[in-house]
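Engineer: Next up is a structure, given as structure tokens.
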Amino acid sequence: MSLAVEQAVNSQNSQAVDYRAIATSLAQEFAATAVERDAKGGTPQTERDKLRQSGLLRLVIPQEYGGIGDRWTTALQITRDFAKVDSSIAHLFSYHHLGATAPHIFGTAEQKERYYKLTAENNWFWCNGFNPLDRRVSLTPEADYFRLNGIKSFCSGSVDSNLIPVSAVLPGVEGFAIAIVPTAREGVTVNGDWDNMGQRQTDSGSITFDNVLVQPEEILRPDLNNGVFKTIRSCLTQITFANIYLGIALGALEAAQAYTRTESRAWLTSGVEQATQDPYILQHYGEMWVNLQAAIALTDQANTQVQATWERGDQLTAEERGKCAVAIASAKILATKVGLDVTSRIFEVMGTRSTASRYRFDRYWRNLRTFTLHDPVDYKIRAIGDWALNQQLPKPDYYS
């Protein structure tokens, strides 16, 4: 365990701990094994344990419930920092916070308090089973409880998790309900079937639910018509994506810089001896750097707006929420486009030798390409176009 993590574990005063510094220390540790783990795939068990030990799982839980009570801006910046070195870890870390805040957004005051307190006390790690597009899971009333049956796909962080917020079809409920299910409960099977080209250590495969017992107090009932704040979850999800995409691109650029300075060669007709002076290598770096500065600026602006929107709580208006969604979509669009360009273009500034399998520099593109397919960026661009031309704010839903 690193010194920074030990300080977090031993500290009795959360305000005295620099959690961003702790995350930076962890990121350095994660970087040391990132290439090896990308090749291996599977569960990053050691890294998950370090996140537990660090105290960072309590980051956005309010202090009155035993948490650290930090801001979303901090959580998002840490997510970006993790994504620079290992976007799978960033993925797991960010989805934990999306899960832990679900009862706050969708539940009653009692459910919010209960799950915040239990998560803080037990240092629980939440995974993702939200995915409302997959409607194969259903809740069926039985006596004074319910039974959960079906299979849910794209359950990021499922292996080694403690709780699963799983969207399910519930008779008489428009849309869906969310069951908060302990991963270890009888009838829950984590299938471990994630084997995609990118995000290889996110355990984003499927979970099977076979007649799983669910108590009424474990069910959240999302209602988008019951206050604008109930629609904020998709804003949090989308800004999380933007920060991970940006972090991947920044990590790719940093890796390329280190390689170019030490390994790359100038082209034979360049008229210079060192790659760091090759005119076209410099041109590529200049373009990548400028584009990334724009993406950073938009994403930082959106992060700040998300925090302000979150703080509005039940007083949040549709216009405030809509303008926040515009800021997030703008950042996500640019992070996607710039990221895909940078993670591909780095090979032009590094050269053929950089494609050797031992480096696995392709992991940046593979991770970004896999994750950006979560939802089509074209629809975000269209929504921004409707705002730019018609001043039509994005309609609140579970996805945008």
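The values are calculated or read from the model by the stated rules, or taken from the named source; none is laboratory data. For clarity, every value in this text was computed on a predicted model and none was experimentally measured. Every residue, glycine among them, receives a Cβ derived from its backbone with ideal geometry; neighbour counts consider all protein chains shown.
Engineer: Considering each residue of region 175-190, count those that are free of Cβ contacts under 8 Å to residues at least 24 places away in the same chain and in a loop (DSSP other than H, G, I, E, B), and give that number.
Structural biologist: 1
Engineer: Specify which of the listed residues (Gly247, Gly205) is closer than 30 Å to Ala32 by Cα, part of a loop (DSSP other than H, G, I, E, B) and of a type in the set (Gly, Ala, Ser).
Structural biologist: Gly205
Engineer: Identify all residues within region 135-163 that are in contact with a helix residue (DSSP H, G or I) (Cβ under 8 Å, 6 or more places away or on another chain) and either small (Gly, Ala, Ser) or under 23 Å from Ala120 (Cα atoms) (or both); write none if there are none.
Structural biologist: Ser156, Gly157, Asp160, Asn162, Leu163 - these are the residues of region 135-163 that are in contact with a helix residue (DSSP H, G or I) (Cβ under 8 Å, 6 or more places away or on another chain) and either small (Gly, Ala, Ser) or under 23 Å from Ala120 (Cα atoms) (or both).
Engineer: Here is a follow-up. Restricting attention to region 141-159, does a residue exist that is of a type in the set (Phe, Trp, Tyr), surrounded by 16 or more Cβ atoms within 10 Å (Cβ to Cβ), in contact with a Leu (Cβ under 9 Å, 6 or more places away or on another chain) and at pLDDT below 95?
Structural biologist: Within region 141-159, not a single residue is of a type in the set (Phe, Trp, Tyr), surrounded by 16 or more Cβ atoms within 10 Å (Cβ to Cβ), in contact with a Leu (Cβ under 9 Å, 6 or more places away or on another chain) and at pLDDT below 95.
Engineer: For region 129-180, give me the residue count where each residue is polar (S, T, N, Q) and over 23 Å from Ser204 (Cβ atoms).
Structural biologist: Residues in region 129-180 being polar (S, T, N, Q) and over 23 Å from Ser204 (Cβ atoms): 1 in total.
Engineer: Please find, within region 335-363, the residue that is nearest to Thr260 (Cα to Cα) out of those that are among the small types (Gly, Ala, Ser) and loosely packed, with under 15 Cβ neighbours inside 10 Å.
Structural biologist: That would be Ala356.
Engineer: What do you reckon, is Thr299 under 21 Å from the mean Cα position of the chain (by Cα), on the phi < 0 side of the Ramachandran plot and either of a type in the set (Val, Ile, Thr) or not in a helix (DSSP H, G or I) (or both)?
Structural biologist: Judged against the criteria, Thr299 is a match.
Engineer: Mind checking whether some residue in region 358-378 is touching a residue at least 24 places away in the same chain (Cβ under 8 Å), on the phi < 0 side of the Ramachandran plot and either touching an Asp or Glu at 6+ places or on another chain (Cβ under 7 Å) or outside the structural domain of Gly247 (by TED's automatic domain parsing) (or both)?
Structural biologist: Looking through region 358-378, at least one residue is touching a residue at least 24 places away in the same chain (Cβ under 8 Å), on the phi < 0 side of the Ramachandran plot and either touching an Asp or Glu at 6+ places or on another chain (Cβ under 7 Å) or outside the structural domain of Gly247 (by TED's automatic domain parsing) (or both).
Engineer: Can I ask one more? Going through region 363-400 one residue at a time, which ones are in contact with a helix residue (DSSP H, G or I) (Cβ under 8 Å, 6 or more places away or on another chain) and charged (D, E, K, R)?
Structural biologist: Across region 363-400, the qualifying residues are Arg363, Arg369, Lys380, Asp397.
Engineer: Only one of (1) basic (Lys, Arg); (2) over 24 Å from the mean Cα position of the chain (by Cα); (3) buried (at least 20 other Cβ atoms within 10 Å of the Cβ) is not met by Lys332, so which one is it?
Structural biologist: So the condition that Lys332 fails would be (2).
Engineer: Gly172 passes all but one of (1) assigned to a strand (DSSP E or B); (2) free of Cβ contacts under 8 Å to residues at least 12 places away in the same chain; which number fails?
Structural biologist: (1)
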